[in-house]
Every structure is written in structure tokens, then in C-alpha cells.
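What follows is a set of notes on a single structure, which appears directly below.
The values are calculated or read from the model by the stated rules, or taken from the named source; none is laboratory data. The structure displayed is predicted, hence computed values, not measured ones. We place every Cβ from the backbone using ideal geometry, glycine too, and count neighbours over all the protein chains shown.
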């Protein structure tokens, strides 16, 4: 009985260490091909190998486009998948001493458009709302130089918008930006005076507003 208890404790400790020791590089290499279908496992390996040598080389993906790993640490990765697509990964700690992977994929069109997904260490997608919903007004900061008519116009202009996310390489924060679409140069000038980003921090369960 005592032997069984010791084995169970050892097993639990091993699982905890495994969760703590996981790196974003391991997640990058172990990801299913369905995540980024145009990057093979061999190509992903080439990217991290070149980074280890300090070379930051570009490789050619299956779409015959250049892919380049731009940053790699124990818990953060950033890669330009193509001229119009970027991916970042960040390992985030959970309340039970494990880690989950936050992935942000951004389409770099005329305006950036991001999607955020969380996975466990086995690449199972984690369901839930991990980023708060923002209203249009959340991205506007009124100044004294803006009159009521301009403020009303700005609120209308921002109703149709794209959202982009930026994971931090140095901490567990997430910057949320808003890009109104189909604006004239005059409208863009007005919006630029008022537009602001939102900064969130990971609390072990979700991203929340930074105090």
C-alpha cells in the first residue's frame, strides 16, 4: 500500500514537472498539420534550427511563400507565415500549475484582423470566452478638442471595425486594437485623434483589464 502511494505521488510530481517544463518550441514542433497546413513538420523544424544558430532564416512554405521565425523564447514565439499573415504563440500559466497555449493568428491585409485560440498541451482546443467583449466606445477616448458632432460621427465610424491582438513577448499581457474600415482620409484623421488600445493581463483563467 505504501509503495502504491509513493508511486502515485511520484507520478503526480512527474506530471507537474512536465507541465512546468514545456516550452513553446515543443508546442510549435508537435502541433498538428491542420493548424498551419502549408507548413510541414520538417519546415517547422528548419525554422527553429536556424534560430538556434542565430540565423533567423526564411523557408519556403507549401504556397511557395516565405516564412520566417522572428522571435523564440521558452514561452513565446512569433513567425511571419507570409507577407500577409502572422502568428504568435504564448505559454500562459494556469491556477493549477499547468500551462496552456495562446495562439494569435493575424491576417495583415490593408488592416490587421486577428483570431485568438487557446489549446492545452495536447493541442486540444479549449472552449470559453477568454477575452472580454468590447463595445465601440471602448476604443475611443474623447478629448477637449472634439465637439459633440465629431464625437457622434466618430462613434458611428467605429461601429464597423476589425480587431487585432498582440501578445507580449516579455509578460502575460495582450494588447487589443481596433481598426475601423472603409474610412476616407478625413474620417481617418478624426478617428486617429480618438482611437485607443486596450491592455489586458492574464490572471490564470482569462485575460482581464489591467488596473
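Observations
- Taken as a whole, segment 143-156 holds no residue that is within 18 Å of the chain's Cα centre (by Cα), farther than 25 Å from residue 201 by Cβ and not in a helix (DSSP H, G or I).
- Test: residue in segment 5-19 that is surrounded by fewer than 16 Cβ atoms within 10 Å (Cβ to Cβ) and modelled with pLDDT of 50 or more: no
- Where strands (runs of 3 or more DSSP E) fall entirely within segment 28-121, those with at least 3 residues that are in contact (Cβ under 8 Å) with a residue 12 or more places away in the chain, over 26 Å from residue 203 (Cβ atoms) and in contact with a strand residue (DSSP E or B) (Cβ under 6 Å, 6 or more places away or on another chain) are at 66-72, 76-82.
- Scope segment 122-137; condition in a loop (DSSP other than H, G, I, E, B) and in contact (Cβ under 8 Å) with a residue 24 or more places away in the chain; matching residues: 123, 126, 128, 129, 130, 131, 132, 134
- Leading residue by the ranking (surrounded by the most Cβ atoms within 10 Å (Cβ to Cβ)) among those in segment 179-207 that are in contact with a helix residue (DSSP H, G or I) (Cβ under 7 Å, 6 or more places away or on another chain) and part of a helix (DSSP H, G or I): 191
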